[in-house]
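Notes for the one structure printed next.
The values are calculated or read from the model by the stated rules, or taken from the named source; none is laboratory data. A quick note: this is a predicted structure, and the numbers were derived from the prediction, not measured. Positions of Cβ are backbone-derived with ideal geometry, glycine not excepted, and every protein chain shown enters the neighbour counts. Remember, those area values only see protein heavy atoms, side chains included, never the ligands or the DNA or RNA. Shrake-Rupley method; radii C 1.70, N 1.55, O 1.52, S 1.80 Å.
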Amino acid sequence: MQRLRLADGVPEGLKVWCLALDLNAPVADDDARLLSRAEWQRTQRFRHHADVVRAVATRAALRRLLFAHTGIAPDKLMFTRNAYGKPELEGGDGPAFNVSHSGNVALIALAPGGAVGVDIERRQPEAELAPLHGLMLSPSEQRDHIYGAELPFMERWVVKEAVLKTLGLGIADHLQALSVSPSPVPPTSYCLEHSLPILSPLQAWPLPAPSGYAAALGYAQSERYSTSFLEINNG
């Protein structure tokens, strides 16, 4: 597992690790024994061995990293979900975290406070992604693609997923509410415009990724939502 070097301007304390996965290997006993019964049972629902390896190895790596930051034994860590379904440490005592995996690569992000999200995806030919433009692109981004895209589609995709995972919001329901454009001075943070129900400033940065992948990191200083959004979701 390798800790990534992050872009200039990323707040101090944010950390991201990259985990290379051998999807043909058997599930490691040292990894499997760290998972809770519920986590192990979820992995057994996967039909393909590669999916089981990916899930077990990533969860075990997360537990080991959280142990290093909390002092709680990896197999004793307890998780819960916030009001929006995002996993967090039980009691909120410890760093915020998020994970993503695609192919044979996994990313794990930790933040000492606030909220963090990460996403990695395999790149695909732009022509194959055209049917997704209407689902994912905001109106301003669709105009960009008509007159010449500022960012590749897959790069926009990972940024949006990372930001929405940061907030714990439903991804499909909010993709078009967020517009992503490149920073005037790469490789600093992306420029984000949105109508999301969030009061805290949002930031996102590109992440170094293996050849054939795109990845991004999202961060919010806190998870402060608008009053109207809370009333709708709790009412």
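Counting pairs of Cα atoms in segment 53-116, how many percent are more than 18 Å apart? Cα-Cα pairs in segment 53-116 separated by more than 18 Å: 33 percent.
Distance between the 7 Å Cα→Cβ label points at residue 124 and residue 69: 3.1 nm.
Phi-derived couplings, Karplus 6.51 cos²θ - 1.76 cosθ + 1.60 at θ = phi - 60°, listed residue by residue for segment 169-177: 8, x, 5, 4, 6, 10, 4, 7, 8 Hz, with x used for Gly and Pro. Loop-located trypsin sites (Lys or Arg not before Pro) in segment 40-148 (DSSP state other than H, G, I, E, B) with a sparse environment of at most 15 neighbouring Cβ atoms within 10 Å: 45, 47.
Quick one: if you stick a label point 7 Å off each Cα along the C-beta vector at residue 143 and residue 42, how many nm between them? The answer from the label model is 4.1 nm. Annotation: amide H-H contacts under 5 Å for residue 207 (H modelled 1.01 Å from N, sequence separation of 5 or more, or interchain): 215, 216, 217. Legend: P(r) of segment 43-179 from all alpha carbon pair distances, 5 Å bins from 0, whole percents, reading 2, 9, 16, 18, 17, 15, 10, 7, 4, 1, 0.
The mean sequence separation of alpha-carbon pairs under 8 Å and at least six residues apart, normalised by the residue count of segment 1-149, gives a relative contact order of 20 percent. If one puts a single equal scatterer on every Cα of segment 104-185 and applies the Debye formula without solvent, what log₁₀ I(q)/I(0) results at q = 0.25 Å⁻¹? Listed by q, the Debye log ratios stand at -1.33.
Taking Cα atoms only, the orientation of helix 153-167 departs from the longest principal axis of the chain by about 60 degrees.
If the label point is 7 Å along Cα→Cβ of residue 24, which residues in segment 102-124 have backbone nitrogen under 18 Å from it? Within reach of a label on residue 24, which here means backbone N under 18 Å from a point 7 Å along Cα→Cβ, segment 102-124 contributes 103-105. Solvent-accessible surface of the chain, taken per residue with a 1.4 Å probe and all protein chains present: 51 Å². Solvent-accessible surface of protein heavy atoms, probed at 1.4 angstrom with all chains present, puts 119, 51 in the order 51, 119, largest first.
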